[in-house]
Amino acid sequence: MRRPFGAQAPADWLIVGLGNPGPEYERTPHNVGFQVIAELGRRWDLPKPKKKFGGLLSDGRTGPGRARVAVLQPLTYMNDSGTSAGPARGAFKVDLDRVLVVHDEIDLPFGDIRPRIGGGLAGHNGLKSMKRGLGSPDFGRIRVGVGRPDSTDPEVVSAYVLGRWRQSPAEVEQLVGAAADVVERVVAGELELAAR
């Protein structure tokens with residue numbers, strides 16, 4: 001049966017990478033979600049992303065006969081990412097527990113990657129927007145540890161996550177690759193998301 005024009009085929013997973021658009025935010029800890037989904041697109045040989053749902057979207061399979069995925073990079077800025085992810089989830093008919101949000105986590109040391117489902121939002125504005133856009137906090141998360149500065153001052157923390165990586169390009173590449181490995185294992189059913 002042919003789909004109506006503009007309709008999306010259902011996907012097994014919606015993977016959303018959080019970050020901010022624009023060259024000034026590239027290569028910053030806050031944009032690690034964008035870096036991870038770009039790596040996944042390369043690994044899975046997904047088509048070039050197209051502008052849709054207020055973001056860049058690509059969909060396809062993780063391999064022959066494998067999971068169908070939609071990979072989304074919201075271009076709405078971090079604080080409004082849910083306004084992109086919510087409509088994408090509806091169009092692809094993805095269950096909430098099959099939405100994976102890849103984001104930076106300052107409360108984890110650099111290099112620590114933890115998958116989980118649901119839980120608190122820890123003041124992360126991207127996660128707050130995702131909760132609003134998806135209607136619940138009970139979506140999957142890939143928390144990518146970027147470390148934190150030696151201060152709790154909001155301005156210092158903001159400058160840290162929006163500043164250039166303090167780690168070497170090789171260390172960041174290793175982090176991005178490790179986070180993409182975790183996403184692949186979750187999508188393949190080899191790794192369960194821990195409950196909050």
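Near V102, the amide H atoms lying under 5 Å from its own belong to V16, G17, L18, I142; only residues 5 or more places off or on other chains count, and H is placed 1.01 Å from N.
Per residue, the convex hull spanned by the Cα atoms of the chain amounts to 116 cubic angstrom. The accessible surface of segment 97-191, taken with every protein chain in place and a 1.4 Å probe, is 47 percent carbon and sulfur.
Estimated purely from DSSP H runs of n ≥ 4, each contributing -39500 (n - 2.57), the mean residue ellipticity at 222 nm for the chain is -9500 deg cm²/dmol once divided by its residues. Amide H to amide H distances under 5 Å link A67 with T62, where only residues 5 or more positions off or on other chains count and H is placed in the peptide plane.
The alpha carbons of segment 79-139 stretch over 36, 21, 16 Å along the principal axes, in descending order.
For the chain, the longest principal axis of the Cα atoms and the long axis of helix 125-134 meet at an angle of about 20 degrees.
Other residues within the sphere of radius under 14 Å centred on the Cβ of A179, judged by their own Cβ, net out at -1 (K and R +1, D and E -1). Once the 1.4 Å probe is applied to the protein heavy atoms, segment 25-132 comes out at 46 Å² accessible per residue.
In summary, the lysines within cross-link reach of K50, defined as a Cα separation below 21 angstrom excluding same-chain residues under 8 places away, comprise K93. The antiparallel fraction among DSSP beta bridges confined to the chain stands at about 50%.
Phi angles of segment 40-50 translate, via the Karplus equation with coefficients 6.51, -1.76, 1.60 and θ = phi - 60°, into HN-Hα couplings of 5, x, 5, 4, 8, 6, 6, x, 4, x, 10 Hz per residue; Gly and Pro are given as x.
I want the local charge near S81. Using Cβ-Cβ distances under 14 Å, sum +1 for each Lys or Arg and -1 for each Asp or Glu among the other residues. Within the 14 Å Cβ shell, the charges total +3.
Model label sites at L121 and E155, defined 7 Å from Cα along the beta-carbon direction, differ in position by 2.5 nm. The Cα-based radius of gyration and maximum Cα-Cα distance (Dmax) for segment 100-179 are 13.1, 38 Å.
The values are calculated or read from the model by the stated rules, or taken from the named source; none is laboratory data. Note that this is a predicted model, so its numbers are computed, not measured. Neighbour counts are summed over all protein chains in view; Cβ atoms, including those assigned to glycine, are modelled from backbone coordinates with ideal geometry. Ligands, DNA and RNA are stripped out before the accessible areas are found, and what is left, the full protein with its side chains, is counted by its heavy atoms. Shrake-Rupley method; radii C 1.70, N 1.55, O 1.52, S 1.80 Å.
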